[in-house]
1. Would you mind listing the strands (runs of 3 or more DSSP E) fully within region 58-165 where at least 2 residues are open to solvent by less than 10 Å² (accessible area, probe 1.4 Å) and either in contact with a His (Cβ under 7 Å, 6 or more places away or on another chain) or modelled with pLDDT under 95 (or both)?
2. Does region 176-200 hold any residues that are within 15 Å of CYS155 (Cβ to Cβ), small (Gly, Ala, Ser) and in contact with a Gly (Cβ under 7 Å, 6 or more places away or on another chain), and which are they?
3. Of all residues in region 219-228, which are under 14 Å from the mean Cα position of the chain (by Cα) and open to solvent by 30 Å² or more (accessible area, probe 1.4 Å)?
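The values are calculated or read from the model by the stated rules, or taken from the named source; none is laboratory data. Values in this document were obtained by computation on a predicted structure and should not be read as measured data. Positions of Cβ are backbone-derived with ideal geometry, glycine not excepted, and every protein chain shown enters the neighbour counts. Surface accessibility is based on the protein's heavy atoms, side chains included, excluding ligands, DNA and RNA. Shrake-Rupley method; radii C 1.70, N 1.55, O 1.52, S 1.80 Å.
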Amino acid sequence: MTDPIDARFELAKAIAAMGAESALAYFNARDTLVIEDKMNPQDMVSQADKEVELLLRAEIAAAFPDDAILGEEGGASGGASGFTWVLDPIDGTSPFLAGLPHWGVVIAILQGDETVAGVIAQPMAGETFTARIGAGAWVNDRPMQVGHDLMLNTCNVGMGISHRSPIGPFIKAIEGVLTAGGMFYRNGSGAVMLASVAVGRLGGYYEPHMNPWDCLAGLLMVREAGGQTLPFPAGAQGGTVLAAAPRVFLPLHSICL
């Protein structure tokens, strides 16, 4: 009998590739897209975000009609199976619309409140990051690990912020990282930066508040790749994200929280 998590994980990889192909076509025609502001002019949604999420939802509903779905653009739909798909069709809409490469299609699968699988497809880089609980994490099917030798003063730390968080404490966190000899990094996609921690390119990532569709897949990847993460609250309200390589986590925690 097929394992229910593995079956969904395989579908997630397949539809993430489909979503990435669709998003890339929109990227190459982004001057024609209809764009709307959400909470403010830096928080945008485009025709591409909406259409890619519809594509993902249709494929999930066809394969697992009893699964719940929570999407950034389409909200929540219920299900009786105990599994929930959490979708960000384009994480990094701002860089996407600006013609920058730092964006991706993000899918997390929950069983109850536990994230059991995740996929982040970054088509501009030709990379797909995946993780399955208890089985590891991969980039393009190659095992990945966090940077076990990295320390705060020898690495770049990804940092992100949105309109949902006050500026003052975030500025103090940046100052703390710099004072400790580290360097901050931001590319506009929290999901891609979390995947970069998992693969050892960044030593850590901090954001005062993230929505679940932005971070659940990446947090699982960091844990499965040997890193540490702050516990993330269940539900759709989101919370603080801190994820790092083992030797970076505690120093970064003491600075940011």
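1. Because the criterion is at least 2 residues that are open to solvent by less than 10 Å² (accessible area, probe 1.4 Å) and either in contact with a His (Cβ under 7 Å, 6 or more places away or on another chain) or modelled with pLDDT under 95 (or both), no strands (runs of 3 or more DSSP E) in region 58-165 meet it.
2. SER196, ALA198, GLY200
3. If the condition is that a residue be under 14 Å from the mean Cα position of the chain (by Cα) and open to solvent by 30 Å² or more (accessible area, probe 1.4 Å), then ARG223 is the only one that fits.
The rows are residues; the columns are (1) in a loop (DSSP other than H, G, I, E, B); (2) open to solvent by 20 Å² or more (accessible area, probe 1.4 Å); (3) in contact with a helix residue (DSSP H, G or I) (Cβ under 8 Å, 6 or more places away or on another chain); (4) touching a residue at least 60 places away in the same chain (Cβ under 8 Å).
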| position | (1), (2), (3), (4) |
| --- | --- |
| GLY181 | yes, yes, yes, no |
| GLY188 | yes, yes, yes, yes |
| ARG201 | yes, yes, no, no |
| HIS209 | no, yes, no, no |
| ALA217 | no, no, yes, yes |
| PHE232 | yes, yes, yes, no |
